[in-house]
Amino acid sequence: MTLYEIAKKNLRRNIKSYVLYLYPMVFSIAIYFTFVSLQYNKQVNNSATTLDKIGPAFMAASLVLFICASLFIWYSNAFFIKRRKREIGLYSLFGMRKKQIARLLFNEIMILGIFALIIGISLGLIFTKLFAMILIKLMGSHIIATFSISTAALFQTSLAFIITILLAAFYNYQVIYRYSLIQLFKAEKKGERLPQTALIWAILSIVFILCGYSILLQPSTSNLWKTHGFLVIFIALLTLLVGTYLFLHAFSIWVLKLLNRYKKISWKGVHFISITSLLYRIRGNVLVLSILALLTTLTLFAMGTTFSLYQNMNNISKHNFPHSFMYTVPSEKYCKRIDEMLTNNGKDNLVYSENVSYIPFKGDMSEVQRLTSEHRILLVSESSYHRLAKRMGIDRPLHLSEHQAIAFYDGNLDQKKDPYTGKNIYLDEQTAVNIASYESYSLFNQDSFILPVVINDQLFEKIKTHSSVSYMRFEKIKNEKSAKDLANNLQKLIYSENSKSMDLQHPPDQYFVSFYHQYQKLSETYGLLVFISSFLGLVFLLATGSMLHYKQLTEAAIDQSRYMILKKVGMNTKQIRLSVKEQVRVIFILPLLIAIAHSSIIITAISNFLKIEMFYPFLSAIGLYIVIYYVYYLLTSSKYNQMVNK
């Protein structure tokens, strides 16, 4: 019988054991192939009408996905080969040379790998169309997705995972040559010492975590942010990282020891066995649990943030782009054509139309650090402001002196920060205006390099005598979200015939910003972010759940002899099952609770920073995590019980 035939026979006989190894490989390949297929899907790329390219975003995400999937397979392989060390020792005992054992394991992993590749790609082909439809829907497009097979995705997936499988085979090869026969037979008999800890480390863990929370919740206007800037975020994350490790390494052990001393708890039911087992096992779990807690924090944060942005997309668009159309008024001839277009869109749809005179100005804006030399100030008179504000439904009367001005929200992400009040803008050597207040709403639609500034009527008339005056037209329509044709036609009319893209730099002093185009851009951007974060979040979720699953099953194999002794001294199957559930529950709950606490603080800080509602989207991400973690907990505790109750 050849080694290849022995490998096939092993696979047939131990199919249940190999399923545990096959599952992560199939899942990783299916997810990766689906994602890469979307990267090369022409319909998905064509659905992004306002974004330049979505390929780079998919490429970066697919790289992260591949690294995660490879680590997932690697961890599963390490777990599987650890369980087989005794079997490898028996092969060696029966006279097989290490080279032959290595070839046997290589044949097994290659057969499994090819089988997993075929199943994974097949599943990926089935779900590619479904995920393409979901992505196109999230991006606000109405393109109908059709079934397609990407040869580039097939080649990339096959090559990537063949390399991963070969690396796993090389790891197995090292295991065979690294350990002696005695070490292989004693692989599952290594005891774990009772970890020692000091109360000071337990206290420090809480101090570090609370310091991290306190730093993150500091308002952006605080001295801490002003002094250190974005270094504050790095410091906060570092304290959380150290605090998390110490919490699991010291605080959790201290709590378990405290419970163990409290007889009313430790001597109740099977708590003594559960607490003692967790104490002895904690040293091997600290690093894994710390990594899982931080990965889960990252995933909950990413999913909560992207879900929130997508949910608040309408409010963000209206805040940044209060008018359906804002454009420089062309000649009288073109104005008539624009009026015809608006009439064809429906007279009832027009809410208002207002012309505002402004003076484009480039002055000395050095005191306002947010503005660059590329920015152009659009000076608007106080009376023009009142007319436009009334149309917008804003009741904010202004009474400005000659040297006072008002600035408006300019798209700054930090909603609490006021970068303008008290700053001077020098219009020329003799004329300067002081910004008396900063309004939190947008007067004009946001544009990259313009800042509308309202000044006193007398000063406006004075500047007008030696400056050119332009006119901006503002329209509000009811069907602004669906006014694609109207927005495109107006854009073509306003811009020159040579303008082929709305992202081209517009000519000097010529502006066109539509709500529809900007809303569509946000829809595509946030839809893409939601899809990518959900995809990666799902992979991280299943990977972290599987890591806990495999870790517990590894310990179950070690604990089999211990539970046999407990049975002999009178512990029944029901008590063992209850003890196992308690231990597994603690291992699953600890990283999840830490992650929920960390991510809740981070989400709260971002919500305060952006001034958007993030509670319910974040809650949905937590709910998804809890449901899937609970399924893993049930599967793990069930399998654990089967192993120790044999």
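The values are calculated or read from the model by the stated rules, or taken from the named source; none is laboratory data. Model, not experiment: these values are computed from the prediction. Neighbour counts run over all protein chains shown; Cβ positions are idealised from the backbone, glycine included. These area figures cover heavy atoms from the full protein model, side chains too; ligands, DNA and RNA do not enter into them. Shrake-Rupley method; radii C 1.70, N 1.55, O 1.52, S 1.80 Å.
So what is the relative contact order of region 345-391, in percent, for Cα pairs below 8 Å that sit 6 or more residues apart? Reported relative contact order: 42 percent.
Once all protein chains are placed together, F615 keeps about 110 Å² accessible to a 1.4 angstrom probe.
FRET efficiency for T431 and T221, Cβ-Cβ distance as r, R0 = 30 Å, nearest 0.05? Could the numbers behind the result be given before it?
On the way: r = 31 Å, r/R0 = 1.02.
Once the sixth-power term is evaluated, E becomes 0.45.
Would you please state which residues of region 330-358 a label at D485 would reach in this model, taking the label point 7 Å out along Cα→Cβ and a backbone N cut-off of under 13 Å? Answer for region 330-358: 341-346. Contact order for the chain, expressed relative to its length and based on alpha carbon pairs under 8 Å spaced 6+ residues apart, stands at 19 percent.
The long axis of helix 151-178 is offset from the longest Cα principal axis of the chain by roughly 40 degrees. Largest first, the three principal axis extents of the alpha carbons in region 312-423 are 47, 36, 30 Å in whole numbers.
A simple charge model with +1 on the Cβ of Lys and Arg, -1 on the Cβ of Asp and Glu and nothing else charged puts the dipole of region 466-616 at about 920 debye relative to its Cα centre. Partner lysines whose Cα lies under 20 Å from the Cα of K257, excluding those fewer than 8 positions away in the same chain, are identified as K268, K581. With helices as the sole contributors, the chain gives -22500 deg cm²/dmol at 222 nm; each DSSP H run of n ≥ 4 counts as -39500 (n - 2.57), and the sum is divided by every residue.
Computed from Cα positions, the angle between helix 98-138 and the longest principal axis of the chain comes to roughly 30 degrees. Against the main long axis of the alpha-carbon atoms of the chain, helix 515-568 sits at an angle near 20°. Listed cross-link partners K417/K481; K390/K416; K85/K639; K481/K611; K129/K611 are compared with a 28 Å cut-off, the Cα-Cα value being larger for K417/K481; K129/K611. Rg and Dmax, both from the Cα atoms of region 514-646 and both in Å, are 21.1, 78.
Heavy-atom accessible surface of D410, to the nearest 10 Å², is about 30 Å², with a 1.4 Å probe and all protein chains retained.
Separation of region 620-645 and region 106-175, taken as the distance between their Cα centroids, equals 26 angstrom.
Working note: Karplus 6.51/-1.76/1.60 with θ = phi - 60° gives region 217-225 the couplings 8, 5, x, 5, 8, 6, 5, 4, 5 Hz, where Gly and Pro are set to x. Placing one equal scatterer on every Cα of region 344-389 and applying the Debye formula, the log10 ratio I(q)/I(0) at q = 0.32 Å⁻¹ is -1.09. Taking all protein chains together, M110, M133 sort by accessible area into M133, M110, largest first [probe 1.4 Å].
Length, then width, then depth: along the principal axes, the Cα atoms of region 96-176 run 62, 17, 17 Å.
Solvent-accessible area of the chain (1.4 angstrom probe, protein heavy atoms only): carbon and sulfur portion equals 62 percent. For the chain, DSSP calls about 70 percent of its internal beta bridges antiparallel.
One decimal place: the segment E613-D339 gains 94.8 nm when fully extended, by the rule 0.36 nm per residue minus the C-alpha distance. Taking the charge dipole of the chain about its Cα centre, with +1 at Lys and Arg Cβ atoms and -1 at Asp and Glu Cβ atoms, the residue from Q415, F609, S353 reaching farthest to the positive side is F609.
Output the pairs from K9/K568; K137/K484; K42/K476; K336/K521; K42/K137 with a Cα-Cα distance over 25 Å in this structure; if there are none, say none.
Numbers: K9/K568 36 Å; K137/K484 17 Å; K42/K476 35 Å; K336/K521 29 Å; K42/K137 15 Å.
Those over the limit are K9/K568; K42/K476; K336/K521.
Ranking V286, Q100, V255 by how far each Cα lies toward the positive end of the dipole of the chain (charges on Cβ) leaves Q100 at the top.
Magnitude of the charge dipole for the chain, about its Cα centre and with charges confined to Cβ atoms of Lys, Arg (+1) and Asp, Glu (-1), is about 5120 debye.
Accessible area per residue was computed with a 1.4 Å probe on protein heavy atoms; W225 scores about 50 Å².
Annotation note: trypsin sites (Lys or Arg not before Pro) in region 352-460 located in DSSP loop regions with a Cβ neighbour count of at most 16 within 10 Å are K362, R370, K416, K417.
If you average 1/r over every pair of different alpha-carbon atoms in region 398-549 and take one over that average, what Kirkwood value in Å do you get? Don't skip to the end; give the middle numbers.
Numbers: mean 1/r = 0.0512 Å⁻¹.
Across region 398-549, the inverse of the average 1/r is 19.5 Å.
The alpha carbons of the chain occupy a box of 102, 58, 43 Å along the principal axes, longest dimension given first.
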